[in-house]
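The values are calculated or read from the model by the stated rules, or taken from the named source; none is laboratory data. Since the structure is predicted, the reported quantities are computational estimates derived from the model, not experimental observations. All Cβ positions, even for glycine, are placed from backbone atoms using ideal geometry, and neighbour counts span all protein chains on display.
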Amino acid sequence: MSDQHTINNKRIAKNTLVLYLRMMFLMVISLYTSRVVLQALGVEDFGTYNVVGGFVILFSVLSKSLSSAASRFFNYAMGKGNKSQLDTIFSSTVFIHWFMAFIILIIAEIVGAWFVNNKMVIAPDRLHAANWVFQFSLLTFCFNLVTVPYNAAIIAHEKMSAFAYISIIEGIGKLLICYLVMAVHADRLIFYAFLCSLVQIIIKAIYQWYCRKHFEECRVHFVYDKNILKDILSFAGWNMIGSSSAVLRNQGGNILINLFGGPVVNAARAVANQVLHTVHSFVDNFFTALKPQITKSYASGDFDYMMALIYQGCRLSYYMLLVLCLPVLASTDFLLHLWLKNVPDHSVQFVQLTLVFTMIESISTPLITAQQATGKIRNYQLVVGGLQLMNLPVSYILLKAGGVPETILYVAIFFAICCLCARLYMLRNNIRLKVLHFIKNVLLNLFIVSICAAVIPFALTHSLQDNLSSFFLITIVCIICSAFSILYIGCKKAERQFVYGKALQIKRRFCKW
């Protein structure tokens with residue numbers, strides 16, 4: 001491994017650690033505030049807030065494709081070392097995002113308001129509050145959209161400490177929201193939506209200020225480069241297929257649940273999404289640190305290093321989730337009652353299926369980044385995006401035929417597996433990925449590790465009662481089984497030696513203290 005690769009790996013590790021500290025801080029606050037807000041709003045209002053806010057996210061079909069384009073072109077330009085192009089790319093993406101925010105605002109006000117008032121299953125006496133939630137959510141969404149280029153700049157420069165510092169302000173804001181919602185005597189749902197919108201706008205404004213102060217290219221100026229605009233919009237246009245399919249799968253699923261089950265079942269899905277967000281934050285931090293290096297290594301022509309990052313990224317992301325998800329999967333019912341006390345129906349099944357889905361999806365994230373790095377996404381999005389778009393119609397047909405609400409997640413898991421296979425097939429041609437080698441060294445590896453790690457914990461779950469001592473015992477067994485399976489089955493000899501070396505260094509430092 002070259003000295004530059006060593007430096008890059010250390011940077012990835014450092015940024016991941018910084019993002020983990022940020023995540024731990026926000027996770028503790030998020031878990032506490034979710035419980036308080038659920039009690040303050042009640043199950044029905046809590047479900048209404050999540051389904052209406054989720055409906056607004058449907059309009060991110062356009063914005064998500066632009067976000068991916070901004071990140072890809074930023075990282076590619078930095079990998080090439082092209083400073084002047086970086087300035088042009090930033091200013092171009094800012095103007096594109098402002099234009100799209102204006103278009104989305106108009107469309108959402110016309111289509112969204114009609115759908116909320118005429119199609120969603122909301123109690124008549126809460127419809128007024130739901131409309132306020134819609135407006136505040138739309139305002140937040142548009143403001144988030146115009147700040148996307150600034151977040152992309154922070155990630156491209158790999159200044160992850162900025163996220164950590166600003167998160168302190170965000171955490172304080174969430175705690176204040178929690179206190180004020182409990183204290184207010186007005187309509188709590190409207191007040192909660194207003195405060196959430198206000199905090200998010202303040203946080204995004206701080207990100208803008210940070211970028212303008214620290215990065216020269218983040219000083220917006222009018223620029224027109226036909227070629228760059230064409231490349232960005234072409235990339236975003238094809239990427240929209242994948243972005244729209246993911247948004248329709250997630251937020252469209254929420255709307256289907258509302259139509260077939262009502263706000264109470266939406267509350268159960270919201271609980272599952274909260275658990276998912278908490279668990280997946282661990283892996284998101286790793287991906288955030290890893291993605292720039294994959295794109296930059298492709299731009300600089302270092303394909304061997306890029307391939308090594310892809311393999312390690314797929315395996316490590318899954319291992320991280322396995323260690324976190326296994327205790328939750330084994331004790332879901334007990335954990336939810338301990339956390340929320342008043343657990344909405346279907347929550348246990350939603351949580352378990354959502355975690356299985358995200359574990360499968362985690363394998364694909366490095367593959368998606370590698371595909372986007374090439375810029376060749378037309379055929380990829382037609383195949384993979386087309387498969388993902390099938391989630392919504394298939395789920396609707398099965399629910400219409402009498403399927404249970406969990407059906408949408410069974411369908412999502414099935415198509416996640418199909419999309420993983422399609423990604424491998426497409427990358428075989430685009431970056432010469434050796435599919436059989438990947439199946440043997442990644443997929444088969446992960447399957448065997450998962451089986452070995454899960455056998456003993458799930459056997460214990462069926463033989464012990466649901467109480468705190470049993471939960472701690474199962475959690476400890478899960479961690480031990482996962483660690484041994486990953487270390488002695490999942491890791492190669494060189495990787496085990498690396499772990500042993502780091503453990504020995506930590507032991508020596510501890511002994512000195």
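Would the stretch 402-412 turn up any residue that is over 21 Å from Gln293 (Cα atoms) and within 18 Å of the chain's Cα centre (by Cα)? Quick ask: steps written out before the conclusion?
At the first step, the residues of the stretch 402-412 found to be over 21 Å from Gln293 (Cα atoms) are 402-412.
After this cut, where a residue has to be within 18 Å of the chain's Cα centre (by Cα) as well, the list is 409, 412.
Within the stretch 402-412 (the criterion being over 21 Å from Gln293 (Cα atoms) and within 18 Å of the chain's Cα centre (by Cα)), the answer is yes, since at least one residue qualifies.
Quick one: would you say Ile417 is in a helix (DSSP H, G or I), touching a residue at least 12 places away in the same chain (Cβ under 8 Å), surrounded by fewer than 18 Cβ atoms within 10 Å (Cβ to Cβ) and not small (Gly, Ala, Ser)?
Yes, satisfied.
Can you tell me which residue within the stretch 308-352, out of those that are among the hydroxyl-bearing types (Ser, Thr, Tyr) and under 18 Å from the mean Cα position of the chain (by Cα), is modelled with the lowest pLDDT? Working first, answer last.
To start, the set of residues in the stretch 308-352 that are among the hydroxyl-bearing types (Ser, Thr, Tyr) comprises 311, 317-319, 331-332, 347.
With the extra rule that they be under 18 Å from the mean Cα position of the chain (by Cα), the set shrinks to 317-319.
Numbers: Ser317: 81, Tyr318: 87, Tyr319: 86.
In this case the residue turns out to be Ser317.
Is it the case, given these coordinates, that Arg428 is within 30 Å of Met306 (Cβ to Cβ), assigned to a helix (DSSP H, G or I) and not hydrophobic (A, V, I, L, M, F, W, C)? Talk me through it step by step, then tell me what you get.
On the way: within 30 Å of Met306 (Cβ to Cβ): yes; assigned to a helix (DSSP H, G or I): yes; not hydrophobic (A, V, I, L, M, F, W, C): yes.
Here the answer is yes, as Arg428 does meet what is asked.
Exactly one of (1) within 23 Å of Tyr192 (Cα to Cα); (2) assigned to a helix (DSSP H, G or I); (3) over 20 Å from the mean Cα position of the chain (by Cα) is unmet by Ile122. Its number?
(2)
Search the stretch 362-382 for residues being buried (at least 16 other Cβ atoms within 10 Å of the Cβ) and among the hydrophobic types (A, V, I, L, M, F, W, C), and hand back the single one that is modelled with the lowest pLDDT.
Per the criteria, the residue is Ile377.
So Asp466 passes all but one of these: (1) at pLDDT 75 or above; (2) assigned to a helix (DSSP H, G or I); (3) surrounded by 13 or more Cβ atoms within 10 Å (Cβ to Cβ). Which condition number does it fail?
Every listed condition holds for Asp466 apart from (2).
Run Phe191 past the list (1) among the aromatic types (Phe, Trp, Tyr); (2) buried (at least 18 other Cβ atoms within 10 Å of the Cβ); (3) at pLDDT below 80 and report the number of the one that doesn't hold.
The one condition Phe191 does not meet is (3).
List every residue pair whose Cβ atoms lie under 6 Å apart, where the two residues are 6 or more positions apart in sequence or sit on different chains, the first residue falls within the stretch 342-356 and is within 10 Å of Thr332 (Cβ to Cβ), and the second residue, located anywhere, is of a type in the set (S, T, N, Q).
Close Cβ pairs satisfying both conditions: Val348/Thr332; Val351/Thr332; Gln352/Thr332.
Suppose the filter is touching a residue at least 40 places away in the same chain (Cβ under 8 Å), over 28 Å from Thr369 (Cβ atoms) and surrounded by fewer than 18 Cβ atoms within 10 Å (Cβ to Cβ); does Leu180 pass it?
Answer is no for this residue.
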